[in-house]
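Structure record follows, encoded as structure tokens.
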Amino acid sequence: MTSRIGVVTFPGTLDDQDALRAARLAGAEPVPLWHRDKDLHQVDAVVLAGGFSYGDYLRAGAISRFSPVMETVIEQARAGMPVLGICNGFQILTEAHLLPGAMLRNNHLHFVCRDQKLRVENAGTAWTADYEQGQEISVPLKNMDGRYVADERTLDELEAEGRVAFRYLDVNPNGSLRDIAGITNAAGNVVGLMPHPEHAVEPLVGTGRTDGLGFFTSILKKLVNA
């Protein structure tokens, strides 16, 4: 049976179709999910896609965190369902307290859009198993509120427990503390990152590379072997 990957659309989501396409290219059955529907329609994993949900009013992700679908996503994530938050999705995961820390305005106060080099720091999560620890990849980055922050105790815990999933290389594009580009929860089923792997899944578009496809092939292998 083909694994089903759901992608949630909120008002202002931009990259849901890209995430659905990435899931399909990896071999999954992509399932669109609407933010006002609590029913996850029997998906095996969920992607919270990038964009500017609710126009980033109050704080990026602060309103979306209270959408009806998130009640089920939070419940299922705590029960072990794999959840990936990309850009705005990462912001929503921090607002929902599924991941620690917060996302603030870029330190230079400008929107940034570029191909970004990353280093894989944790290849043991549900979404990163097809990578090697220390592997360098390049995926697009585009954000205004992408600066990851947390108190020193939380940062030290993330480092000590191996929960920093990705780190920026060459340049820190937004002032994120300790060059953190993405993190995971302790169980490894919830991952959030600011760069956009769904834009690097086929050579014709994006970076011209397929460095982001590993997120989606990783989760498929995890679901098949579960």
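The values are calculated or read from the model by the stated rules, or taken from the named source; none is laboratory data. Every value quoted in this text rests on a predicted model; they were computed, and no experiment measured them. Cβ coordinates were reconstructed from backbone atoms using ideal geometry, including for glycine residues, and neighbour counts include every protein chain displayed. Accessible surface is based on the protein model in full, side chains and every heavy atom, while ligands, DNA and RNA are left aside. Shrake-Rupley method; radii C 1.70, N 1.55, O 1.52, S 1.80 Å.
Scan segment 45-69 residue by residue and report those that are open to solvent by less than 10 Å² (accessible area, probe 1.4 Å), in a helix (DSSP H, G or I) and touching a helix residue (DSSP H, G or I) at 6+ places or on another chain (Cβ under 7 Å).
Correct list: 53, 64.
Of everything in segment 209-226 that's over 15 Å from residue 24 (Cβ atoms) and out of contact with any strand residue (DSSP E or B) (no Cβ under 9 Å at 6 or more places or on another chain), which residue is surrounded by the most Cβ atoms within 10 Å (Cβ to Cβ)?
Applying the filter and picking the extreme gives 218.
Among the candidates 170, 151, single out the residue that is within 24 Å of residue 112 (Cβ to Cβ) and open to solvent by 60 Å² or more (accessible area, probe 1.4 Å).
Matching residue, one of 170, 151: 170.
Looking at (1) under 15 Å from the mean Cα position of the chain (by Cα); (2) open to solvent by 20 Å² or more (accessible area, probe 1.4 Å); (3) within 20 Å of residue 91 (Cα to Cα); (4) among the small types (Gly, Ala, Ser), find the lone condition where residue 165 falls short.
Single failed check for residue 165: (2).
Results for (1) within 12 Å of residue 146 (Cα to Cα); (2) of a type outside the set (D, E, K, R); (3) part of a helix (DSSP H, G or I); (4) open to solvent by 40 Å² or more (accessible area, probe 1.4 Å), shown as yes or no for each residue.
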site: 77; (1), (2), (3), (4): no, yes, yes, no
site: 84; (1), (2), (3), (4): no, yes, no, no
site: 89; (1), (2), (3), (4): yes, yes, yes, no
site: 98; (1), (2), (3), (4): no, yes, no, no
site: 110; (1), (2), (3), (4): yes, yes, no, yes
site: 114; (1), (2), (3), (4): no, no, no, yes
site: 118; (1), (2), (3), (4): no, yes, no, no
site: 124; (1), (2), (3), (4): no, yes, no, yes
site: 131; (1), (2), (3), (4): no, yes, no, no
